[in-house]
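Read through the structure below, which is laid out as structure tokens, and then see the notes.
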Amino acid sequence: MAKGYIRGREAAGVHETHHHVMPVKAYLGVFGALMVLTALTVLVSEMNLGSAALAVAMVVAAIKSAFVIGFFMHLKYDTRFHSFVFFGTLLFIGIFFLMTFIDINTRALVNKDWGNTAWVLDRGVEIPPAPVPHEEGGEAHEPSAEVKDGEAAPAPEVKDGEAKPAAEAKDGEAKPAADPAPAPETGR
Amino acid sequence: MSTAVDAGQHAEAGHGHDAHPAYLQHHFDNPQQQEGAAKLGMWLFLGTELLMFSGLFLAYFYMRSQYPEMVHEYHEYLNKWMGALNTLFLITSSLTMALAVRSAQVGKAKLSGRLLLVTIAFGLAFMVVKYLEYSAKFEHGLLPGDAFAEHVAGGVQAGWYGGPQLFFGIYFIMTGLHGVHVLIGIGLLVWIYVKTQRGAFSGNYYTPVENVGLYWHLVDLIWIFLFPLLYLVK
């Protein structure tokens with residue numbers, strides 16, 4: 001039989017490769033589990049769990065992923081270094097998410113101190129009235145789109161017509177100097 | 001195993017040095033090293049794919065945390081049964097893909113080829129459903145940004161911040177990028193199918209089948225998260 005090399009040295013039998021072969025039944029079992037979990041996801045969404053729904057949906061999705069990665073992608077039986085690469089990726093995604101959420105959840109506090117109205121109003125934090133133009137405020141209450149046969153509903157009404165960031169930018173009026181936020185996009 | 005000779009095992013002539021199977025590239029010592037390198041490369045690539053999609057998932061979560069009512073209201077415009085059907089298609093295609101890799105592993109090339117064809121068929125079915133969904137969104141003006149409801153009622157006049165065009169922006173970017181991955185996956189599967197038919201793979205060498213399989217499973221994996229997040233907000 002053909003000879004091969006290990007680290008540059010000739011060696012016999014190196015062309016043989018040994019792979020872990022999973023039984024077909026195991027694949028079918030994983031498939032069944034994935035189907036059941038998919039049905040569960042749909043069921044949970046019908047149950048109106050409120051704020052817990054997202055967490056439940058994500059846990060179910062994570063379990064499904066574990067099945068796909070562990071068995072279909074064979075990571076459970078693969079070189080552990082591949083697991084290292086995969087979980088390393090997850091770690092960095094975790095850092096990415098964590099840092100961003102810390103930013104989002106503390107932004108209101110910072111903006112309140114800085115007198116940035118646009119963000120604070122979004123979060124329902126009490127702030128002193130800001131000098132915001134009112135001229136185009138009426139526009140904000142118009143329904144966004146009148147669609148035939150009710151296919152697309154109008155845009156949700158803006159709760160607080162007082163500060164419309166879009167209108168603000170349209171007027172081109174100078175914002176408070178302390179405002180650290182970038183100019184909002186008008187989209188027009 | 002030495003009796004299970006590969007089609008390419010005797011193609012050494014002309015290499016000018018020691019014998020090795022045709023599938024073994026010169027710069028590798030042995031097949032295990034070659035396979036290890038190929039699969040490590042694939043896992044690293046899948047890692048970058050996950051990182052790319054994670055940015056979009058983060059954008060989704062950010063939008064949802066800022067405008068929960070809007071997301072809740074507008075996700076109703078996505079047909080959850082279409083999404084469920086597509087989930088069914090992708091998970092089933094993942095099963096057939098895994099079985100195709102297994103068949104290649106145990107040297108059943110013919111069965112492997114057939115399973116690849118079934119996988120391709122499910123991938124195409126996914127894209128057909130996606131096409132139907134996209135067509136409905138286009139028709140009703142449920143589009144991102146300025147395009148939202150433009151040709152239906154002359155554009156969006158108000159509610160720019162936190163408006164539904166944000167939700168459909170995220171929807172189209174996420175499902176669009178995912179759909180591109182499905183299309184690329186189908187292309188790779190066709191390539192692997194052709195190679196399988198030509199007898200390029202055996203129980204000793206099937207790394208490309210395995211790597212394309214990994215890619216296809218990743219596409220399934222992303223959909224597993226997209227489906228509940230976009231279609232089943234509650």
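Taking A:VAL44 as the residue in question, decide whether it is open to solvent by less than 30 Å² (accessible area, probe 1.4 Å), in contact (Cβ under 8 Å) with a residue 12 or more places away in the chain, touching a Ser or Thr at 6+ places or on another chain (Cβ under 7 Å) and over 27 Å from B:THR207 (Cβ atoms).
For A:VAL44, the condition - open to solvent by less than 30 Å² (accessible area, probe 1.4 Å), in contact (Cβ under 8 Å) with a residue 12 or more places away in the chain, touching a Ser or Thr at 6+ places or on another chain (Cβ under 7 Å) and over 27 Å from B:THR207 (Cβ atoms) - is not met.
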* Among the residues of the stretch B:83-116, which ones are assigned to a helix (DSSP H, G or I) and more than 18 Å from the chain's Cα centre (by Cα)? -> B:ARG102, B:SER103, B:ALA104, B:GLN105, B:ALA109, B:LYS110, B:LEU111, B:SER112, B:GLY113, B:ARG114
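In the stretch B:141-152, how many are open to solvent by 40 Å² or more (accessible area, probe 1.4 Å), under 15 Å from B:PRO164 (Cβ atoms) and modelled with pLDDT under 80? Steps first, answer last, please.
The first filter runs over the stretch B:141-152 and keeps only residues open to solvent by 40 Å² or more (accessible area, probe 1.4 Å), leaving B:144, B:146, B:150-151.
Going one step further and asking which of them are under 15 Å from B:PRO164 (Cβ atoms), we end up with B:144, B:146, B:150.
Imposing the further condition that a residue be modelled with pLDDT under 80 reduces the set to B:146, B:150.
Adding up the residues that qualify gives 2.
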* **Single match in A:VAL68, A:VAL59 (criterion: at pLDDT 65 or above and open to solvent by 60 Å² or more (accessible area, probe 1.4 Å))** => A:VAL59
* To do: Go over the candidates B:LEU232, B:LEU214, B:LEU221 one by one and state the one that is at negative phi, modelled with pLDDT under 95, in contact with a Lys or Arg (Cβ under 9 Å, 6 or more places away or on another chain) and of a type in the set (A, V, I, L, M, F, W, C).
  => B:LEU232
* **Any pair with Cβ under 6 angstrom, 6 or more apart, that starts in the stretch B:51-76 at a residue that is at the interface with chain A (Cβ under 10 Å from one of its Cβ atoms) and ends at one that is polar (S, T, N, Q)** => B:LEU58/A:THR100
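Among the listed residues A:LEU34, A:LEU75, identify the single one that is in contact with a Phe, Trp or Tyr (Cβ under 7 Å, 6 or more places away or on another chain) and within 20 Å of B:LEU51 (Cβ to Cβ).
Values: A:LEU34 fails: within 20 Å of B:LEU51 (Cβ to Cβ).
The unique qualifying residue is A:LEU75.
May I ask you to say which residue of B:VAL101, B:VAL128 is of a type in the set (A, V, I, L, M) and facing chain A (nearest Cβ under 10 Å)? So that I can check it myself, show each step before the final result.
Details: B:VAL128 fails: facing chain A (nearest Cβ under 10 Å).
None of the other options fit; the residue is B:VAL101.
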* Filtered residues of the stretch A:17-32 (kept if in a helix (DSSP H, G or I), open to solvent by 20 Å² or more (accessible area, probe 1.4 Å), out of contact with any Lys or Arg (no Cβ under 8 Å at 6 or more places or on another chain) and not basic (Lys, Arg)) -> A:ALA26, A:LEU28, A:GLY29, A:PHE31, A:GLY32
* Criterion (surrounded by 24 or more Cβ atoms within 10 Å (Cβ to Cβ), under 22 Å from B:LEU132 (Cα atoms) and touching a residue at least 40 places away in the same chain (Cβ under 8 Å)) met by exactly one of B:ILE224, B:ILE170, B:ILE186, B:ILE192 -> B:ILE224
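Open to solvent by 10 Å² or more (accessible area, probe 1.4 Å) and within 20 Å of B:GLY187 (Cα to Cα): which single residue out of B:LEU85, B:LEU132, B:LEU90, B:LEU117 fits that description?
On the way: B:LEU85 fails: within 20 Å of B:GLY187 (Cα to Cα); B:LEU132 fails: within 20 Å of B:GLY187 (Cα to Cα); B:LEU90 fails: open to solvent by 10 Å² or more (accessible area, probe 1.4 Å).
After applying the criteria, what remains is B:LEU117.
The values are calculated or read from the model by the stated rules, or taken from the named source; none is laboratory data. Keep in mind that what you see is a predicted model, and the values were worked out from it rather than measured. Note: ideal-geometry Cβ built from the backbone for every residue, glycine included; neighbour counts use all protein chains shown. To get the accessible areas, we keep the full protein, side chains included, count just its heavy atoms, and leave off ligands, DNA and RNA. Shrake-Rupley method; radii C 1.70, N 1.55, O 1.52, S 1.80 Å.
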